[in-house]
């Protein structure tokens, strides 16, 4: 027997496999495909203070080894979450984490404050890295000062585990990571999507209505791995790795690079039961290589 449990700040997870926001709905949508209570955590789709319609169609397109999306944080707002979604997701026997986004700092603060009152939500993931909204989102996450400001403001009203999701669309990811750590983040998740675009050569027009969108999937994995490795060495708080994870081997690579947990995103669209397979695969790897706990392999990458 091996132990798969891991910790993110004060949050104890039964295993290191989480689902990435925006790719797993509110979790219940996937219950026909797997036992979702097996997951270490479910990060629900992005939640904002007020309802958002998202961006016009088309807002998704396949790319080589990945996909572009420009959904734009479509959701019905935090009050709808509290009244209609929370009563259902609180029944799931795993950690439910709410991804929080906003157009201004006050939006983040008010949303986080409301979520803070929900007993069965042990953490939030602060999204300061979404490239698909015109205001807020990535604008906060590409500058260390603005990143620290929004995290510090939320920290004053939120007393549970605070995860901050970082953008890869920066020059030095470690500078942003240290800034949010200093402002009170309990953990950092990375990477969010890379800014990209697709063109219809026949029509000579962009395919996405927003022209640009967020690139995810296997194509971004090498960049995500590099940034997780750099960030894990630069901060003292736990790092959560994501970006192109499609198998247990992918997840293990992130753990070796220094991630204390991982998130599976785009792969959920290809195989709705992939998360369970990754959990099993990590356990098999540990047993095969003589490790008694997943914590034994976190950050042990040999670079000499």
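Look through 237, 282 and report the one residue that is part of a loop (DSSP other than H, G, I, E, B) and within 27 Å of residue 162 (Cα to Cα).
That would be 237, the only listed residue that is part of a loop (DSSP other than H, G, I, E, B) and within 27 Å of residue 162 (Cα to Cα).
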Condition set farther than 13 Å from residue 118 by Cβ and out of contact with any strand residue (DSSP E or B) (no Cβ under 8 Å at 6 or more places or on another chain), scope the stretch 65-83, selection modelled with the lowest pLDDT: answer is 65
Of (1) under 24 Å from residue 35 (Cα atoms); (2) surrounded by fewer than 22 Cβ atoms within 10 Å (Cβ to Cβ); (3) within 16 Å of the chain's Cα centre (by Cα), residue 277 satisfies every one except (3)
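In the stretch 61-73, is there at least one residue being part of a loop (DSSP other than H, G, I, E, B) and over 17 Å from the mean Cα position of the chain (by Cα)?
Yes, because at least one residue in the stretch 61-73 is part of a loop (DSSP other than H, G, I, E, B) and over 17 Å from the mean Cα position of the chain (by Cα).
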Of the residues in the stretch 258-274 that are in contact with a helix residue (DSSP H, G or I) (Cβ under 6 Å, 6 or more places away or on another chain) and buried (at least 24 other Cβ atoms within 10 Å of the Cβ), the one that is farthest from residue 22 (Cα to Cα) is 259
Restricting the stretch 121-135 to residues that are part of a loop (DSSP other than H, G, I, E, B) and under 15 Å from residue 242 (Cα atoms), the one modelled with the lowest pLDDT turns out to be 130
Here the residues within the stretch 181-233 that are assigned to a helix (DSSP H, G or I), buried (at least 16 other Cβ atoms within 10 Å of the Cβ) and in contact with a helix residue (DSSP H, G or I) (Cβ under 7 Å, 6 or more places away or on another chain) are 221, 225, 227, 228, 229, 230, 231, 232
Scanning the stretch 259-295 residue by residue, those touching a strand residue (DSSP E or B) at 6+ places or on another chain (Cβ under 9 Å) and either free of Cβ contacts under 8 Å to residues at least 12 places away in the same chain or over 18 Å from residue 15 (Cα atoms) (or both) turn out to be 266, 269
Inset, instruction - Return yes when residue 52 is surrounded by fewer than 21 Cβ atoms within 10 Å (Cβ to Cβ), more than 24 Å from residue 194 (Cβ to Cβ), touching a strand residue (DSSP E or B) at 6+ places or on another chain (Cβ under 8 Å) and touching a residue at least 24 places away in the same chain (Cβ under 8 Å) and no when it is not. - result: no
Only one of (1) at pLDDT below 95; (2) surrounded by fewer than 21 Cβ atoms within 10 Å (Cβ to Cβ); (3) part of a loop (DSSP other than H, G, I, E, B); (4) touching a helix residue (DSSP H, G or I) at 6+ places or on another chain (Cβ under 7 Å) does not apply to residue 171, and that is (4)
Within the stretch 1-21, of all residues that are in a loop (DSSP other than H, G, I, E, B) and at pLDDT 95 or above, the one surrounded by the fewest Cβ atoms within 10 Å (Cβ to Cβ) is 5
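The values are calculated or read from the model by the stated rules, or taken from the named source; none is laboratory data. The model shown is predicted, which means the values in this text are computed figures rather than measured ones. With ideal geometry, Cβ positions are generated from the backbone for all residues, glycine too; neighbour counts draw on all protein chains shown.
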